[in-house]
Amino acid sequence: MSASSRSQRTNMLAIIVPAYKAKYLRAALQSIASQTDQRFNLYVCDDCSPEDLETIYRTTFVGSSNSNYFRFPENLGGKSLVAHWNRCVERTRGEPWLWLFSDDDLMDPDCVASFHRQRELLESDLYRFDTLTIDGRDNVISINPPHPLLESTLAFAYHRISFQRNSFAVEYVFSREAFLREGGFIPFPVAWCSDDASWIAFGGDRPIIAIAGARVKWRSSDINISGSARRNTMDKIEALILYSDWLERHAEKMAANSDRHIRSILPQLLQCWFVRHLAYYYPLTPRRIWQIGKKLSMRWPESNPLRWAARIVRGHVGWALRGIGSRL
């Protein structure tokens, strides 16, 4: 066995980059190559991109013993992003810890070192970094609030659906054991809410542990799925409904007594979360508002389609007035 193969076998962490876009890939890979702790294996998984990603990879990781490049023969991310994430994990070599990174975000030089240090201090199935938001020129445009050291997965869900917490897929490191136990990432249309559901499932009854000492820089741009709220509107609405169903069912299985009050208010909170999503993120025609009202009356039958349509319209008007007020 070569020294390179032995090194890859002994590393505990797999950093997986499902790559498709070339624009920021070099910067993302350079941030990984610059890690002060090289105890990881890198897997760059090219989703049959029309751009030359391999040259970017080869010129960034010259002579690297812990990096791998693989080009899939067909594009899957355009059909099912979650299925693509799962097949990227399948390309790894059995490392017990997995970090799904991206082709346009950045990590601080001490991220890997900080993860290993925290993992040795506190045990769980799910860890996360604090984050900064950057623009297309790497300028920091937001310092996101730090995470608590320990947080139950249901408390995480509560803070997400009450709009008190940012969350980006690239900030999480999770155990392979939890990934296999749950059958991979939770699938919803266009992967909307799939990351939140997956972290809740992977964490289970164990706390999410914050990693101190380094941050991940999440890039806000028009080329990521979160960069434009106008894309895939109806698919995202369907995902919101499916996720709300999934979360209610999953919450009933959670054992922590301290989260009992969250379970009790979850149905009402999910309704408010849904309406706010529609009001803020999705410009809708009257016909679509009526269609969604009918869908929601099936999901939450205590309100009929007309009442749901009225709630959506009120939400749109409220957010429009807020926007006008902020510009005065």
Selection from the stretch 251-283 of residues modelled with pLDDT under 85, over 17 Å from Ile241 (Cβ atoms) and small (Gly, Ala, Ser) yields Ala255, Ala256, Ser258
In the stretch 284-312, anything open to solvent by less than 70 Å² (accessible area, probe 1.4 Å), farther than 23 Å from Trp246 by Cα and either at pLDDT 85 or above or over 29 Å from the mean Cα position of the chain (by Cα) (or both) is listed as Ala309, Ala310
When Arg128 is run through (1) closer than 24 Å to Ile16 by Cα; (2) surrounded by fewer than 21 Cβ atoms within 10 Å (Cβ to Cβ), the failure sits at (2)
Note on the stretch 80-111: residues exposed (fewer than 14 other Cβ atoms within 10 Å of the Cβ) and small (Gly, Ala, Ser) are Gly94
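From the list Asp222, Asp235, which one is farther than 30 Å from Asp37 by Cα, out of contact with any Cys (no Cβ under 9 Å at 6 or more places or on another chain), at pLDDT below 80 and open to solvent by 30 Å² or more (accessible area, probe 1.4 Å)? Before the answer, list the steps.
Working: Asp235 fails: at pLDDT below 80.
Residue meeting the stated conditions: Asp222.
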With the structure loaded, tell me whether Phe168 is open to solvent by less than 10 Å² (accessible area, probe 1.4 Å) and either of a type outside the set (Lys, Arg) or more than 27 Å from Cys272 (Cα to Cα) (or both) or whether it fails that test.
no
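Just checking, does the stretch 14-32 include any residue being part of a loop (DSSP other than H, G, I, E, B), open to solvent by less than 10 Å² (accessible area, probe 1.4 Å) and not hydrophobic (A, V, I, L, M, F, W, C)? Break it down stepwise before answering.
At the first step, the residues of the stretch 14-32 found to be part of a loop (DSSP other than H, G, I, E, B) are 20-24.
Narrowing further to those that are open to solvent by less than 10 Å² (accessible area, probe 1.4 Å): none.
No: zero hits.
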Inside the stretch 87-120, the number of residues satisfying the requirement of being touching a helix residue (DSSP H, G or I) at 6+ places or on another chain (Cβ under 9 Å) and within 18 Å of Asp195 (Cβ to Cβ) is 11
Check: Of the residues that make up the stretch 108-127, is at least one within 30 Å of Arg260 (Cβ to Cβ), under 15 Å from the mean Cα position of the chain (by Cα) and either modelled with pLDDT of 95 or more or among the charged types (D, E, K, R) (or both)?
Finding: yes
Residue count, the stretch 65-79, condition modelled with pLDDT of 95 or more, outside any strand (DSSP E or B) and open to solvent by less than 60 Å² (accessible area, probe 1.4 Å), comes to 3
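If I go through the stretch 112-125 residue by residue, how many of them are farther than 23 Å from Arg219 by Cα and either open to solvent by 30 Å² or more (accessible area, probe 1.4 Å) or of a type outside the set (Gly, Ala, Ser) (or both)?
Going through the stretch 112-125, the residues farther than 23 Å from Arg219 by Cα turn out to be 116-125.
Imposing the further condition that a residue be either open to solvent by 30 Å² or more (accessible area, probe 1.4 Å) or of a type outside the set (Gly, Ala, Ser) (or both) reduces the set to 116-123, 125.
Total satisfying the criteria: 9.
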Asp205 fails exactly one of (1) out of contact with any Lys or Arg (no Cβ under 7 Å at 6 or more places or on another chain); (2) buried (at least 16 other Cβ atoms within 10 Å of the Cβ); (3) in a loop (DSSP other than H, G, I, E, B), namely (2)
Pairing a residue in the stretch 135-148 that is without any contact (Cβ under 8 Å) to a residue 24 or more places away in the chain with any residue that is loosely packed, with under 11 Cβ neighbours inside 10 Å, where Cβ atoms lie under 9 Å and the two sit 6 or more apart in sequence or on different chains, gives Pro145/Gln164
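The values are calculated or read from the model by the stated rules, or taken from the named source; none is laboratory data. Every value quoted in this text rests on a predicted model; they were computed, and no experiment measured them. With ideal geometry, Cβ positions are generated from the backbone for all residues, glycine too; neighbour counts draw on all protein chains shown. Note: areas computed on protein heavy atoms with side chains; ligands, DNA, RNA excluded. Shrake-Rupley method; radii C 1.70, N 1.55, O 1.52, S 1.80 Å.
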